[in-house]
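First up is the structure itself, then whatever we jot down about it.
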Amino acid sequence: MPVITAVLGDITTQDVDAVVNAANKAMRGGGGVDGAIHRGGGPAILRDCLARFPDGLATGDAGWTTAGDLPARWVIHTVGPNYHAGQRDRSLLESCYRCALEVADELGARSVAFPLISTGVGGWPHADAIEAAIETIAAAETGVDEVRLVAFDEAMHKRTRAAVWVRCPPPFDTDSVGSLFEREPIQYSLRGDFYLWLELRARFADTPLPDDWFTLRTLIMDTIEQVVGEHLTSRESAPWHDRVGAIYVPEFDPGHGMSAGAVHVPWWVHTGVPILLDRYAARREPGTFPAG
């Protein structure tokens, strides 16, 4: 399975073997990612499209051209389904990623940058489009080592990153703060807490364990506040079942469930963070404190 990362930026500037273009059936350039890639790569891409795809390309299929003036060596073109036009068969969207990786293997590409296909004018619901991308790439039998999911919009990037960290969490150093998150709690309060747990695990993957528990607690609490965008003190005393104690975080919303995207502050203050502090204490003085 390739290493999957979420990247905030411009797909035309990615220094990879191949960038993927969300093309239209005619293969003659267009708007959005398609237009940006043609503008960035110059007329050589269109000339290659005319030569290689005189009849265009079918939805869900993929093919390649030169990358022209782009940093990449190749452009892999794929035609995503148009949700607005009634093309709502998820297998078509999955086929775009699968076929693009097959083309990458034919080319010998080891690093590939994808946009989130069909999320622009194609209108595919964002949460499902992100899941389809990650699930398909993670399950693919491919020689590609690195896949970047590139989002130009910060909100989309955050949603993609959260989903990647749930499906493909990054490794952590054994003496890092992230290692305290290795074993997930038996029970979370709400769905968003699961996403936050994995977000913190990834953020702290390379952060060395501090010398004292107070510094650790401050670090974790400050980071939680940074992620949820609000101070925790105003909600920590709310009853666990009261919605007043929950903060909605859009990037933690997978698009279903009443508690989707909800981070429950009282759970973190009174349960989640103490679990981590117990684990830290056990690491410092083995056999003296419970492991959480």
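Measuring gaps between exposed loop sites in the chain (GluC sites (Glu not before Pro); DSSP loop; at most 13 other Cβ atoms within 10 Å), the longest gap, sites not included, is 1-140.
Shape summary: the chain maps onto an equivalent ellipsoid whose semi-axes, from the alpha-carbon gyration tensor, are 42, 20, 15 Å in decreasing order.
Each distinct pair of alpha carbons in segment 177-284 adds a 1/r term; the inverse of their mean, the Kirkwood radius, is 14.0 Å. Helix 154-167 axis versus longest C-alpha principal axis of the chain: approximately 70°, rounded to the nearest ten.
Projected onto the charge dipole of the chain (+1 at Lys/Arg Cβ, -1 at Asp/Glu Cβ, origin at the Cα centre), which of ALA140, TYR83, VAL19 gives the Cα projection farthest towards the positive end? Of the listed residues, the answer is TYR83. Computed over the chain, the per-residue total of -39500 (n - 2.57) for DSSP H runs of n ≥ 4 gives a 222 nm mean residue ellipticity of -11500 deg cm²/dmol, rounded to 500.
Of interest is the spacing of the C-alpha centroids, which for segment 1-45 and segment 54-79 amounts to 9 Å.
The charge dipole of the chain, taken about the Cα centre with unit charges on the Cβ atoms of Lys, Arg (+1) and Asp, Glu (-1), comes to about 480 debye, rounded to the nearest 20. Taking the three principal axes of the alpha carbon atoms in segment 6-117, the coordinate ranges are 35, 31, 26 Å, sorted in descending order. Mean projection of the Cα convex hull over all viewing directions, computed for segment 122-247: 10.4 nm². Working from Cα pairs under 8 Å separated by at least six residues, relative contact order for the chain is 17 percent. The eigenvalues of the Cα gyration tensor, multiplied by 5 and square-rooted, give segment 55-155 an equivalent ellipsoid with semi-axes of 21, 15, 14 Å from largest to smallest.
Among PRO71, LEU107, PRO54, whose Cα sits farthest toward the positive end of the charge dipole of segment 13-115 (+1 at Cβ of Lys/Arg, -1 at Cβ of Asp/Glu, about the Cα centre)? Of the listed residues, the answer is PRO54.
Roughly how big is segment 177-284's charge dipole about its Cα centre, with Cβ charges of +1 (Lys, Arg) and -1 (Asp, Glu), in debye to the nearest 20?
240 debye
What angle, in degrees between 0 and 90 and rounded to the nearest 10, separates the Cα long axis of helix 32-41 from the longest principal axis of the Cα atoms of the chain? Long axis of 32-41 versus the principal axis of the chain: about 60 degrees.
Taken together, the values in this text are just the output of simple stated rules run on the coordinates, not laboratory data. Remember, predicted model here, so these are calculated numbers, not experimental data. Neighbour counts are summed over all protein chains in view; Cβ atoms, including those assigned to glycine, are modelled from backbone coordinates with ideal geometry.
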